[in-house]
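Student: Quick one: this structure, given as structure tokens, is what I'll be asking you about.
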Amino acid sequence: MSELLDRSIGDIAALLARGECSSVDLVQGLLHRIDSRDGDLSAYVSVDRDDALGQAQRADKARSEGDHRDLLGIPIAVKDILNVTGQPCTCASRILDGYVAPYDATAIARLRDAGLLFVGRTNMDEFAMGSSTENSTVGVTRNPWNTACVPGGSSGGSAAAVAAGEAVAALGTDTGGSIRQPAAFCGCVGLKPSYGRVSRYGLTAYASSLDQIGPLTHCVDDAARILQVIAGADPLDCTCLDVVVPDYRAALGGDLSGIRLGLPREYFVQGIDADVEQAVRGAIQQCEALGAEIVEVSLPHTEYAVSTYYIIATAEASANLARFDGVRYGLRAPGGKDPIDMYGKTRAAGFGDEVKRRILLGTYVLSSGYHDAYYVTAQKVRTLIRRDFEKVFESCDALLTPVAPTAAYRLGSVSDDPLSMYLGDIFTATANLAGICAVAVPCGFTSDKLPVGLQIVGGPYQEDRILQIAHAYEQSTEWHTMKPER
Ligand code: GLN
């Protein structure tokens with residue numbers, strides 16, 4: 001059974017369809033794996049065993065009665081920031097203590113309609129603010145390849161669960177890199193769709209103009225399958241656009257001949273870890289061997305990306321997090337003399353340090369007197385960054401870059417230094433600022449045996465193209481088949 005959990009969604013779907021395993025077998029195997037492994041890793045925040053088994057029994061029953069949906073009975077893990085009816089949704093924050101979601105996020109509703117099951121909630125940095133999952137109030141998640149190291153973040157629980165075979169696939173969210181970077185740190189595939197590709201309804205907002213939901217999976221084909229289900233316009237999210245959703249799996253297969261891939265000069269600079277650079281360079285050569293033409297390009301405003309991102313993201317966060325005030329749900333601190341006092345006490349007790357830091361930063365950059373100097377300037381630079389990409393996509397089909405400057409680092413080694421943590425977002429936050437799509441695929445290991453990720457960046461709504469490139473690369477290597485010791 002344990003091997004089954006490392007198989008692709010496609011393989012598992014075929015076994016289910018042939019009756020060679022049941023959804024109950026699958027969920028029992030998963031619960032067993034979680035029991036034996038999650039004590040060390042803490043990838044999950046909560047798992048409702050009875051509910052998971054109940055969902056599996058219903059799926060098996062439906063199948064026996066002639067329901068042939070492809071993905072019926074396949075479990076998926078969900079980052080603890082997405083609302084699933086009847087399950088807690090804490091965003092790894094004390095302020096949402098006791099909150100149980102009364103509704104499904106649109107992405108969840110679509111997966112449910114496709115027959116998937118929701119087994120548990122994965123750990124994350126509080127409100128998705130962070131790059132290491134160390135900002136969780138629930139406790140840190142560890143990297144399955146080396147438990148002394150972080151899994152990346154903020155979707156670190158989702159990435160660790162997939163890598164450790166504690167989940168067949170998982171959903172994460174990506175505001176500045178939070179799907180791709182943990183995918184790279186844990187050796188799985190992570191896709192950030194273009195802004196507007198997937199509905200954000202039911203995703204607890206961090207920075208609304210940057211947030212996107214996407215899959216973390218064992219392989220590219222699985223990412224295509226999940227995206228297929230969750231993509232597409234939604235009347236409940238007016239930023240989710242009515243752009244045709246292509247058949248993502250139909251795009252997979254074939255080599256890279258006729259494809260032009262750009263290497264942004266600014267992404268191959270001093271400061272990248274030598275092992276990371278070597279693995280990424282190896283992947284670039286491999287893409288060339290598969291027929292791609294490789295050209296050097298320039299994204300000249302890259303150096304401003306981190307500061308632009310941290311102004312816009314914190315400004316939006318300071319507004320979005322104003323709703324957590326202890327009035328209608330979640331934590332309410334005792335002893336408030338009046339409503340203002342109650343809000344203050346609740347927010348002081350409910351938010352962690354990093355969240356408070358960002359609310360303060362965001363309030364500052366929006367305050368009168370500083371608004372033009374910081375927020376408006378950041379918006380202008382954001383436009384310049386978007387134009388950089390528009391320009392290179394006139395002559396390239398996609399870009400190849402590292403996902404992050406380093407592989408996973410040791411727990412505690414960066415967490416005291418927020419600025420150096422923020423700098424780790426340099427290669428990922430740009431795609432969010434530009435609203436474009438990007439995917440991380442495993443491309444090797446460091447000398448310490450930690451996974452390295454290759455990032456493939458595409459233009460708006462070019463998910464089919466980057467998935468095709470990622471798939472061609474993946475299928476020509478063995479990296480995605482390597483799993484950490486169980
Ligand atoms: N590390 C970035 C941040 O802390 C990105 C987080 C994310 O994508 N949610 O904001």
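Student: Which Rg and Dmax, in Å, describe the Cα atoms of the stretch 373-472?
Tutor: 15.5, 45
Student: Now a separate question. Using the Cα atoms of the chain, I'd like the radius of gyration and the largest Cα-Cα distance, Dmax, both in angstrom.
Tutor: 21.2, 70
Student: Hey, another quick one. Once you have the Kirkwood Rh of the stretch 165-213 from its Cα pairs, apply Stokes-Einstein at 20 °C and 1.002 mPa s and quote D in µm²/s.
Tutor: Stokes-Einstein gives a translational diffusion coefficient of 188 µm²/s.
Student: Same structure, new question: Give me the base-10 log of I(q)/I(0) for the stretch 424-486 at each q in 0.14, 0.17, 0.28 Å⁻¹, Debye formula, one uniform scatterer per Cα, rounded to two decimals.
Tutor: The Cα Debye sum returns log10 ratios of -0.48, -0.67, -1.15.
Student: A further question follows. Taking all pairs of different Cα atoms in the stretch 1-151, averaging 1/r and flipping that mean, what Kirkwood radius in angstroms comes out?
Tutor: Kirkwood radius, the stretch 1-151: 16.2 Å.
Student: Carbon and sulfur together cover what percent of the accessible area of the stretch 170-233 at a 1.4 Å probe radius?
Tutor: 54 percent
Student: Follow-up. Give me the Kirkwood hydrodynamic radius of the stretch 129-260 in Å, from all C-alpha pairs, to one decimal place?
Tutor: 15.4 Å
Student: Based on Cα coordinates alone, diagonalise the gyration tensor for the stretch 14-77, multiply each eigenvalue by 5, take square roots, and list the semi-axes in whole Å, largest first.
Tutor: Values for the stretch 14-77, descending: 24, 11, 9 Å.
Student: Could I ask something else about it? Find the Cα radius of gyration of the stretch 192-327, compare it with 2.2 N^0.38 Å by division, and give the number to two decimals.
Tutor: With N residues counted in the stretch 192-327, Rg over 2.2 N^0.38 Å equals 1.33.
Student: At q = 0.18, 0.19, 0.21, 0.28 Å⁻¹, what is the base-10 log of I(q)/I(0) for the stretch 72-138 according to the Debye formula with one equal point scatterer per Cα and no solvent? Please give it to two decimals.
Tutor: -0.65, -0.72, -0.84, -1.18
Student: Test of understanding: given the chain, find the longest segment containing no GluC sites (Glu not before Pro) that are in a DSSP loop and have at most 14 other Cβ atoms within 10 Å.
Tutor: The longest such stretch corresponds to 66-477.
Student: Per residue, how large is the accessible surface of the stretch 208-270? Use a 1.4 angstrom probe and give square angstrom.
Tutor: 39 Å²
Student: Straight-line reach from residue 380: which aspartates and glutamates have Cα under 12 Å away, leaving out those fewer than 8 places along the same chain?
Tutor: 372
Student: How high is the FRET efficiency between residue 328 and residue 307 when r is their beta carbon distance and R₀ equals 35 Å, given to the nearest 0.05?
Tutor: 0.50
Student: For the chain, calculate the relative contact order in percent as a whole number, restricting contacts to Cα pairs under 8 Å that are 6 or more residues apart.
Tutor: Once normalised by length, the contact order is 18 percent.
Student: Residues in the stretch 56-88, backbone N under 20 Å from the label point at residue 103 (7 Å along the Cα-to-beta-carbon vector): list them, ranges by number please.
Tutor: Backbone N within reach: 79-88.
The values are calculated or read from the model by the stated rules, or taken from the named source; none is laboratory data. As the structure is a prediction and not an experimental result, all values here were calculated from the model. All Cβ positions, even for glycine, are placed from backbone atoms using ideal geometry, and neighbour counts span all protein chains on display. Side chains are part of the model used for accessible areas, which takes the heavy atoms of the whole protein and leaves out ligands, DNA and RNA. Shrake-Rupley method; radii C 1.70, N 1.55, O 1.52, S 1.80 Å.
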